[in-house]
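Participant: Structure in structure tokens, see below.
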Amino acid sequence: MKTVNHWIGGKTVEGASGNYGPVTDPATGEVTTQVALASAAEVDAAVQVAQEAFLIWGQSSLAARTKVLFAYRALLDANRDAIAALITAEHGKVHSDALGEVARGLEIVELACGITTQLKGELSTSVSNRVDVSSIRQPLGVVAGITPFNFPAMVPMWMFPLAVACGNTFILKPSEKDPSAANKLAELATEAGLPAGVLNVLHGDKVAVDALLAHPGIAAVSFVGSTPIARHIHTTASANGKRVQALGGAKNHMLVLPDADLDVAADAAVSAAYGSAGERCMAISAVVAVGAIGDELVEKIRERAEKIKIGPGNDPASEMGPLITAAHRDKVASYVKGAADQGADVVLDGTGFTVEGNEKGHWIGLSLLDRVKTDSDAYRDEIFGPVLCVLRAETYEEGVALINASPFGNGTAIFTRDGGAARRFQLEVEAGMVGVNVPIPVPVGYHSFGGWKDSLFGDHHIYGNDGIHFYTRGKVVTTRWPDPSEGHLGVDLGFPRNH
């Protein structure tokens, strides 16, 4: 059986703990690979390698760093299909979705290529007699990233390109469910000329995570995952003196006003709710229909959802693949099965879906729940699967109040033709990312990504300017030099003396 090992110091390092985890092809249910799970001692060894690399990389010129990043960007572009194939094989998402994931990660690599303009400092001259003050930003040291299964290439690329561009060295702990893409990213970085030890991939489970959070050699931790784990990461790492950005879960709402184009809104709801099988923190999982449009909107969503073709991710005809594990599939199905008992109308039930010839795959169909109550499990919890809840509101104010009452505040959207209503919404809604007639408002690379409330723990959003500030720390330098005409204060350079 194939084994995915660690990538430390610019080369493959076999696991030493003796512990391995299974990696499954979600389309078939078969275990295809095993991944090494690091011990605390292996974490310590990786940190030491990264610390040694930082002594040189942290002092390297911006020109040297950007040279590597430009070469890395070219290699990633040339290997899009290979990276996407690894994602599909272990995560299950369709190839087009996997290619889109790589493209979104490339945006941050491109941002990192322009790091020279982002790290410019500030200078104030003559703040007092011959006194100047300057502000500069410097790297932190060794930083770590703990990333989720749903975007095994994109989320790591939201972290390490900026971190290393700023002069840090990086230890990536990807999800053990789909680890191969992370190794491929690191191999290509080494091929691009990134020095050994600057980017390391350490596979593991809770043992490795806890060791990273406690290690005194780690200066900062970036995390993307569920809210309970994000809260634990933030609390634990902060208590150990580390800088933390921990992005948690979501329950993203889409408010549809009576004046909206319902065909456009239904198209958006289907793609945003069911794309990537709903396994994304920016998925629309709750549509709030305002006024009398609810029945018509639900029917339009149902018509479209029934046409989505579900199948293996490597089948070009497939529009949605399986879920990551059988256990997760069963958990998602439980929300649909219990929805009717909690007052919802089950318009579509996808829990019995399977694919002929691949019956052991982690399959589930699309589910649509209407008239969902705010106290039901299907609404309160982050399901992370292809389940869309529709709630009803009589007025715009009622709809916004419903959204703002949610403990999550990751992303939200409004669909309307009224510019005034849209403007009010973007100012009044309590979420970190807002879309106006855009269902999944993920910012481009040079704007930062992050939510509010229980969707973010820490002060910094990820990538963009926030990401650059997170991976650097500010220093202010105040200087005073005597005028060279004052010969008694220094070497006589021949300047005329003032009497």
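The values are calculated or read from the model by the stated rules, or taken from the named source; none is laboratory data. Because the structure is predicted, anything quoted here is derived from the model rather than measured. With ideal geometry, Cβ positions are generated from the backbone for all residues, glycine too; neighbour counts draw on all protein chains shown. Remember, those area values only see protein heavy atoms, side chains included, never the ligands or the DNA or RNA. Shrake-Rupley method; radii C 1.70, N 1.55, O 1.52, S 1.80 Å.
Participant: Calculate, for the chain, the solvent-accessible area per residue in square angstrom, rolling a 1.4 angstrom probe over the heavy atoms of the protein chains.
Facilitator: Values: 20470 Å² over 499 residues.
Heavy-atom SASA per residue in the chain reads 41 Å².
Participant: Another question about this same structure. For the charge dipole of the chain, defined by +1 on Lys and Arg C-beta atoms and -1 on Asp and Glu C-beta atoms about the Cα centroid, which residue among 413, 438, 118 has the Cα displaced farthest towards the positive pole?
Facilitator: 118
Participant: Just grab the label-to-label distance for residue 292 and residue 31, each label 7 Å out from Cα along the Cβ direction, in nm (one decimal).
Facilitator: The two pseudo-label positions are separated by 6.0 nm.
Participant: For segment 234-385, state what percent of all Cα-Cα pairs lands in each successive 10 Å bin, counting from 0 Å until the bin that includes the largest distance.
Facilitator: 10, 37, 32, 14, 6, 0
Participant: Which of the trypsin sites (Lys or Arg not before Pro) across segment 112-147 are loop residues per DSSP, with 13 or fewer other Cβ within 10 Å?
Facilitator: Filter output for segment 112-147: 120, 130.
Participant: A further question follows. Go through segment 282-365 and name the trypsin sites (Lys or Arg not before Pro) that are in a DSSP coil and have 15 or fewer other Cβ atoms within 10 Å of their Cβ.
Facilitator: Answer in residue order: 307, 309, 360.
Participant: State the extension gain, in nm to one decimal, for the chain segment bounded by residue 263 and residue 483, taking 0.36 nm per residue of separation less the distance between their alpha-carbons. Numbers along the way, then the final one.
Facilitator: Values: separation 220, 0.36 × 220 = 79.20 nm, distance 7.27 nm.
Stretched fully, the residue 263-residue 483 segment lengthens by 71.9 nm.
Participant: Please give the charge dipole size of segment 280-360, origin at the Cα centre, charges +1 on K and R Cβ atoms and -1 on D and E Cβ atoms. Round to the nearest 20 debye. Walk me through the intermediate numbers first.
Facilitator: Details: 10 positive and 13 negative charges, 68 e Å.
So the dipole magnitude of segment 280-360 works out to roughly 320 debye.
Participant: Here's a follow-up. Using a 1.4 Å probe over the heavy atoms of the protein chains, calculate the carbon and sulfur portion of the accessible area of the chain as a whole percent.
Facilitator: 52
Participant: Right, next: So what's the back-of-envelope 222 nm ellipticity for the chain, counting only DSSP H runs of four-plus at -39500 (n - 2.57) apiece and dividing by all residues, rounded to 500? It would help to have the intermediate numbers written out before the result.
Facilitator: On the way: 16 runs with 183 residues, N = 499.
Helix contribution divided over all residues of the chain: -11000 deg cm²/dmol.
Participant: Could I ask something else about it? Which pairs in the list 93/173; 177/242; 206/309; 206/307; 300/373; 206/373 are over 29 Å apart, alpha-carbon to alpha-carbon?
Facilitator: Among 93/173; 177/242; 206/309; 206/307; 300/373; 206/373, the Cα-Cα distance tops 29 Å for 206/309; 206/307; 206/373.
Participant: Which value, in Å² and to the nearest 10, is the accessible area of residue 65 when all protein chains are kept and the probe is 1.4 Å?
Facilitator: Roughly 20 Å² of residue 65 is accessible to a 1.4 Å probe.
Participant: What do you get for trypsin sites (Lys or Arg not before Pro) in segment 150-211 restricted to DSSP loop and a cutoff of at most 12 other Cβ within 10 Å of the site's Cβ?
Facilitator: Taking segment 150-211 and a limit of 12 other Cβ atoms within 10 Å, no loop trypsin sites (Lys or Arg not before Pro) are found.
Participant: Same structure, new question: Treat every Asp and Glu Cβ in the chain as -1 and every Lys and Arg Cβ as +1, leave all other atoms uncharged, and give the resulting dipole magnitude about the Cα centre to the nearest 20 debye.
Facilitator: For the chain, the charge dipole is close to 1500 debye.
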